[in-house]
Amino acid sequence: MRWVLLAGLLCAVLPAAQQKQPAKAQEPAEEDESLTVKEYTFNPLQAEKELKTGAYYFKKGSYRAAVQRFREATRWNPGFAEAWLRLGEAQEKLKDPAAAREAYQKYLELSPEAKNAAEIRKKLARKP
């Protein structure tokens, strides 16, 4: 290492091999998950996990979070009737009757003979 006196300051000068090269402009990482589009394939285990998490948020009163989780469950398993039912209930809590109606209709389409089918049909018969 060499020492250089510059304007009254003593500075250490590194040999050229040890000097840092200027940083190149960083390009965004290609594997950045926030930039990719999520692809859904049939995954009933993931759907069940999302349903349980949504139920937790619903019970806690976080209806927006519950809606997101129930919607995720329906994406992982579009034939998951309970997820559609819970999505409709959460949408009702958020005062979104159009979205609730859509979820309930899908629930009845998947499970027309459910125990609560008559109750859901009554809800759908009411005007929004």
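Here, each number is a calculation from the coordinates, and none is a lab measurement. Note that the coordinates shown come from a computational prediction; the quantities given were computed from them, not determined experimentally. Here the Cβ positions follow ideal geometry from the backbone for every residue, glycine too, while neighbour counts run over all protein chains shown.
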Requested in this report: Sort V37, V67 so the one with the fewest other Cβ atoms within 10 Å of its own Cβ comes first.
Outcome: V37, V67
Requested in this report: Provide F70, F42, F80 in ascending order of the number of other Cβ atoms located within 10 Å of each residue's Cβ, fewest first.
Outcome: F42, F80, F70
**Report entry** Model label zone, K95; criterion: amide N under 17 Å from point 7 Å along Cα-to-beta-carbon; scope region 49-75
**Finding:** 62-65
Report task. First check a/c for region 41-125, with a ≥ b ≥ c the square roots of the eigenvalues of its C-alpha gyration tensor; if it is under 1.5, answer rounded, and if not, answer prolate when a/b is larger than b/c or oblate otherwise. Result -> oblate
